[in-house]
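Heads up: the structure comes next, in structure tokens.
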Amino acid sequence: GGNDRIDALGRLLTRILRHMATELRLNMRGDGFVIVEDLLNLNLKTSANAPLKSHTIDEIREAVRRDNKQRFSLVEENGELLIRANQGHSITTVESEKLLKPIMSPEEAPVCVHGTYRKNLESILASGLKRMNRMHVHFSCGLPTDGEVISGMRRDVNVLIFLDIKKALEDGIAFYISDNKVILTEGVDGVVPVNY
Ligand code: HQG
């Protein structure tokens, strides 16, 4: 149905805007924005087997609106519609300072929690939280309420790691918050050390 088509479009937008823009030679600004028309001209199909070219700007708007974690931002500039992913990038054309807002004080993030899985815990406690393939380690600014999702962690996590962001900020580690309220850091060379 129509929702399946839109959800499949949303998933493809996520992959392109976070991970594939560079290899697709899609023009992306330092703040992560690309021109929607450029995106719709890519020769790709969604998992609903719909070519991107078959989608309209209204369907892009619908995919952005329906997204349960507010993964995207849309802006209009000089008569052009631009879209970006708010966080989650692996491509390095995006710059933290342009994509995100710096967290200046711990009061801006009274709760800072990373969701993960038991199978990862031993390794995390040995070597810290690593950003893995992404630009940043991801944290949520709270816990999901009943039946809801929260941006910054997956729905099926079974381990919660609470960060002492006050101590980390004092030690000079930079933290940022995205438009959809995910807390992000590059840590120290991609790692948030265990002592935090
Ligand atoms: C784990 C989803 C072993 C880490 C979510 C995680 C988030 C380690 C995985 C966003 C480790 C990386 C990001 C270590 C970290 N040893 N495992 N030393 N350090 N890990 O996908 O945080 O739905 O890159 O705990 O909601 O899971 O895509 O990060 O399990 O917002 O919008 O390595 O992705 O959002 O996995 O998820 P990821 P993540 P979306």
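The values are calculated or read from the model by the stated rules, or taken from the named source; none is laboratory data. Predicted model, so just to flag it, every value in this text is computed and none were measured. Cβ placement follows ideal geometry from the backbone for every residue including glycine, while neighbour counts extend to all protein chains displayed.
Some notes on this structure:
- Some residue of the range 66-79 being without any contact (Cβ under 8 Å) to a residue 40 or more places away in the chain, hydroxyl-bearing (Ser, Thr, Tyr) and closer than 28 Å to MET153 by Cβ: no
- Which listed residue is out of contact with any Phe, Trp or Tyr (no Cβ under 6 Å at 6 or more places or on another chain), in contact (Cβ under 8 Å) with a residue 12 or more places away in the chain and hydroxyl-bearing (Ser, Thr, Tyr), from SER96, SER105: SER105
- For the range 130-154, the tally of residues that are within 8 Å of the ligand (Cβ to nearest atom), part of a loop (DSSP other than H, G, I, E, B) and not aliphatic (A, V, I, L, M) stands at 6.
- Any pair with Cβ under 7 angstrom, 6 or more apart, that starts in the range 164-176 at a residue that is touching a residue at least 40 places away in the same chain (Cβ under 8 Å) and among the hydroxyl-bearing types (Ser, Thr, Tyr) and ends at one that is assigned to a loop (DSSP other than H, G, I, E, B) and surrounded by 15 or more Cβ atoms within 10 Å (Cβ to Cβ): TYR176/LEU100; TYR176/ILE103
- Set ARG65, ARG61: member being surrounded by fewer than 14 Cβ atoms within 10 Å (Cβ to Cβ) and within 19 Å of the chain's Cα centre (by Cα): ARG65
- Condition met for GLY115 (at pLDDT 95 or above, under 19 Å from HIS19 (Cβ atoms) and out of contact with any helix residue (DSSP H, G or I) (no Cβ under 8 Å at 6 or more places or on another chain)): no
- Filter pass, GLU77 being loosely packed, with under 12 Cβ neighbours inside 10 Å, among the acidic types (Asp, Glu) and within 13 Å of the ligand (Cβ to nearest atom): no
- Against the criterion of being near the ligand (Cβ under 8 Å from one of its atoms), within 28 Å of MET20 (Cα to Cα) and among the small types (Gly, Ala, Ser), GLY190 does not qualify.
- If you go through the range 155-178 and keep only what is crowded, with 18+ Cβ neighbours inside 10 Å, more than 10 Å from the ligand (Cβ to nearest atom) and within 20 Å of the chain's Cα centre (by Cα), you end up with LEU163, ILE165, PHE175, TYR176, ILE177.
- Test: residue in the range 99-113 that is under 30 Å from ILE35 (Cα atoms), surrounded by 18 or more Cβ atoms within 10 Å (Cβ to Cβ) and more than 15 Å from the ligand (Cβ to nearest atom): yes
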